[in-house]
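The values are calculated or read from the model by the stated rules, or taken from the named source; none is laboratory data. All values reported here derive from a predicted model rather than from experimental measurement. Every residue, glycine as well, gets a Cβ built from its backbone with ideal geometry; the counts of neighbours run over all protein chains shown. In case anyone asks, the SASA skips ligands and DNA or RNA and just uses the protein heavy atoms, side chains included. Shrake-Rupley method; radii C 1.70, N 1.55, O 1.52, S 1.80 Å.
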Amino acid sequence: MQGNGFKIGTIVAFLALTIYYLWPTIQWNLEQNYIEELSASEAAQYKEENEEKLESLRSRILSLGLDLKGGMHVTLEVGVPQLILELAGDNRDELLEDVVETARQRSIEDGSDFIDEMVSEFESRDPNARLSRYYRNDAMDITRRSTNEEIAAFLKAQRQSALERAIEIIRTRVDRYGVTEPSIVKQGNNRVVVELPGVEDKERVRNLLKGTARLEFRLAADAEEFRSFVEQVYEYYDSYETTDADSDSVVNNQFSPLEEVLVPAQSPYLVGYATPEDTARVMDLLQNEDIQRMMPRSTTVMWSANPLSGQGGEDLYQLIGVRTQIELTGDVIEAASVQFDPATNVPEVSMSMNSEGARKWGRITGANIGKPVAIVLDGFVFSYPNVQTKISNGRSSITGLDGINEAEDLVNILLSGALPAPLEILEERTVGATLGAESIRAGLNSILFGLGTVALFMIVYYRTGGGIADLALLLNIIFILGILAAFKATLTLPGIAGIVLTIGMAVDANVLIFDRIREEQRTGKTLKASIEAGYANAMSAIVDANVTTFFVAIILFSFGVGPIKGFAVTLMAGIVASLFSAIVITRVVVDYLIQAKKSVVSFG
């Protein structure tokens with residue numbers, strides 16, 4: 001073993017580093033198994049108490065890709081037309097809305113740039129008109145005198161900014177959700193591709209990705225005015241007349257079309273209750289011009305976010321009257337967390353505001369004691385509690401949530417911030433957990449089969465030398481996983497193919513070495529001299545073959561996407577590990593057997 005001290009130290013260090021980087025993966029799996037055995041409330045409490053520990057483990061584990069773990073692949077598109085209209089603010093008019101809609105349809109049909117189409121459509125209607133009448137931005141020097149080209153450049157810059165902000169917010173939401181190694185990349189100038197390994201609740205993920213998180217605090221409608229409005233609406237439809245399609249005669253309806261889809265309510269703040277299937281029909285009836293003229297000034301109606309249970313067990317949503325004026329927005333929220341009502345153990349979201357928000361919240365609650373304040377998120381009323389007393393500490397809570405998952409997601413969305421523009425899901429693919437498990441099982445079987453076949457061949461053909469090569473081969477696989485974990489790479493199905501390929505490449509180096517040793521022995525050299533010559537003479541061929549393959553892997557990694565990149569990462573790790581195991585580990589073992597044990601090592 002003389003002269004091998006440095007090699008042994010290197011092997012021990014490499015093995016220790018491998019265990020160090022793989023240990024968090026082992027701990028993480030043990031933690032997940034423990035959490036799965038807990039109840040929902042106990043699991044939530046355990047996660048909260050051990051948040052730092054779990055987050056630290058999650059950030060250091062060897063992650064599985066979408067094809068192995070199952071999960072979702074989602075392509076999202078930023079709602080650029082809505083963004084363009086919002087940037088116009090109060091300056092928007094029917095002309096701009098019509099131009100935007102025309103440009104949107106044309107860009108979809110032709111696959112062209114939406115903003116270019118919008119500018120072109122606007123100029124085609126009036127060549128002398130300027131888009132600067134809609135847009136102002138002092139920071140970017142957009143004024144009344146700005147040309148249409150300058151406005152187009154400004155809008156494209158805003159689109160790019162919105163896309164980058166959307167990616168940042170999606171990444172924050174996904175990280176808080178707890179997805180390990182998500183892939184979030186930009187595609188084109190208005191799309192985001194998201195891959196989320198391990199997620200199973202598709203609807204929850206959709207809401208998490210799409211939710212714009214526009215939190216608003218609004219006052220409820222004036223009770224007397226709104227009650228009067230609701231009475232007029234029901235009276236209007238009680239006497240509503242329609243035209244018979246066959247006779248063109250006016251017919252008095254026996255039943256009110258409104259009461260067919262809406263259950264009246266006793267509360268002065270409610271229009272009524274409707275099933276999910278009838279909500280659209282109710283809103284159509286309320287859009288009637290006569291009804292809109294009855295609506296009290298500065299008042300609108302919104303649906304509740306979550307249903308109540310009706311007498312027959314059906315879900316019923318409340319249609320609530322609220323003021324159009326927004327008193328506070330989610331920008332004032334400084335912290336949010338999931339809490340449990342001590343009396344009912346029902347989850348709710350507790351929020352605290354910054355100093356400016358607390359001051360305004362105190363003024364709002366102080367002026368509306370005994371009246372409801374609606375807490376609205378993305379156009380739906382989550383709760384409208386009565387104000388019991390003035391709230392000066394800036395605290396509030398959202399109740400009426402549908403379980404712990406919704407509460408956690410709401411906290412996630414509030415803390416991540418509001419999206420600059422709505423997102424639409426264009427494409428969605430789901431890999432089931434069962435299919436992922438089958439892929440893991442098939443990949444593992446392929447590794448075991450390949451390993452067993454190669455190991456058996458090496459022992460039969462190279463005897464003792466083959467057994468040494470097999471030992472190095474086992475360590476080689478462990479080293480590959482350690483390298484992947486150290487560099488936070490993701491193991492995918494093509495990555496497993498890379499490991500199988502590496503198994504063959506790893507013994508290839510030993511085949512070259514052992515054959516050279518056998519050639520040297522046939523010339524009459526001693527075993528020790530043959531080993532020295534065999535390793536020395538085979539080195540150039542081994543290094544050349546592996547270096548060229550490594551460069552190919554670099555090219556695949558640089559220009560490939562998805563599965564190709566996963567294959568390249570594993571291949572590079574495998575080449576490094578196989579060179580080390582084939583050249584260093586086998587040499588140390590051979591020297592030990594010859595020098596320390598005085599054994600006769602056979603190479604076939």
Odd one out for V601 among (1) open to solvent by less than 40 Å² (accessible area, probe 1.4 Å); (2) modelled with pLDDT of 85 or more; (3) of a type in the set (V, I, T); (4) more than 16 Å from I483 (Cβ to Cβ):
(2)
Part of a strand (DSSP E or B), aliphatic (A, V, I, L, M) and either open to solvent by 70 Å² or more (accessible area, probe 1.4 Å) or at pLDDT 80 or above (or both), is that true of V233?
no
Within the range 272-295, residues being within 19 Å of L219 (Cα to Cα) and open to solvent by less than 20 Å² (accessible area, probe 1.4 Å) number 1
Among residues of the range 45-88, those that are closer than 23 Å to S124 by Cα and of a type outside the set (A, V, I, L, M, F, W, C), counted:
3
Restricting attention to the range 343-370, and to residues there that are over 19 Å from R214 (Cβ atoms) and touching a Phe, Trp or Tyr at 6+ places or on another chain (Cβ under 9 Å), which single residue is surrounded by the fewest Cβ atoms within 10 Å (Cβ to Cβ)?
V346
Output for the range 452-477, where each listed residue is buried (at least 18 other Cβ atoms within 10 Å of the Cβ), aliphatic (A, V, I, L, M) and under 39 Å from the mean Cα position of the chain (by Cα)
L473, L475, I477
Determine which member of the set T399, T329, T324, T299 is within 28 Å of P422 (Cα to Cα) and touching a helix residue (DSSP H, G or I) at 6+ places or on another chain (Cβ under 7 Å).
T299
I'd like to verify a number: residues in the range 92-151 that are over 34 Å from the mean Cα position of the chain (by Cα) and of a type in the set (G, A, S), how many?
5
All conditions in (1) under 20 Å from V174 (Cβ atoms); (2) open to solvent by 40 Å² or more (accessible area, probe 1.4 Å); (3) not hydrophobic (A, V, I, L, M, F, W, C) are true of S63 except (2)
Which ones in the range 305-333 are within 22 Å of G403 (Cβ to Cβ) and open to solvent by 30 Å² or more (accessible area, probe 1.4 Å)?
N306, P307, L308, S309, G313, E314, D315, Y317
Within the set of pairs 6+ apart or on separate chains, which have a first residue in the range 335-354 that is of a type in the set (S, T, N, Q), a second that is modelled with pLDDT under 85 and part of a loop (DSSP other than H, G, I, E, B), and C-beta atoms under 7 Å apart?
S352/G394
Those residues that are open to solvent by 60 Å² or more (accessible area, probe 1.4 Å) and of a type in the set (D, E), I need them from the range 95-122; list them, please.
E97, D98, E101, E109, D110, D116
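Conditions tested, residue by residue: (1) at pLDDT 85 or above; (2) more than 27 Å from I459 (Cβ to Cβ); (3) open to solvent by less than 50 Å² (accessible area, probe 1.4 Å); (4) small (G, A, S).
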residue: V511; (1), (2), (3), (4): yes, no, yes, no
residue: L527; (1), (2), (3), (4): no, no, yes, no
residue: G534; (1), (2), (3), (4): yes, no, yes, yes
residue: A538; (1), (2), (3), (4): yes, no, yes, yes
residue: D544; (1), (2), (3), (4): yes, yes, no, no
residue: G560; (1), (2), (3), (4): no, yes, yes, yes
residue: G566; (1), (2), (3), (4): no, yes, yes, yes
residue: L571; (1), (2), (3), (4): yes, no, yes, no
residue: A577; (1), (2), (3), (4): yes, no, yes, yes
Failed item, numbered, when G70 is tested on (1) at positive phi; (2) open to solvent by 30 Å² or more (accessible area, probe 1.4 Å)
(2)
So, first residue modelled with pLDDT of 75 or more in the range 168-180, second residue in a loop (DSSP other than H, G, I, E, B), Cβ within less than 6 Å, six or more apart or across chains; the pairs are I169/G417; I169/L419; V174/P182
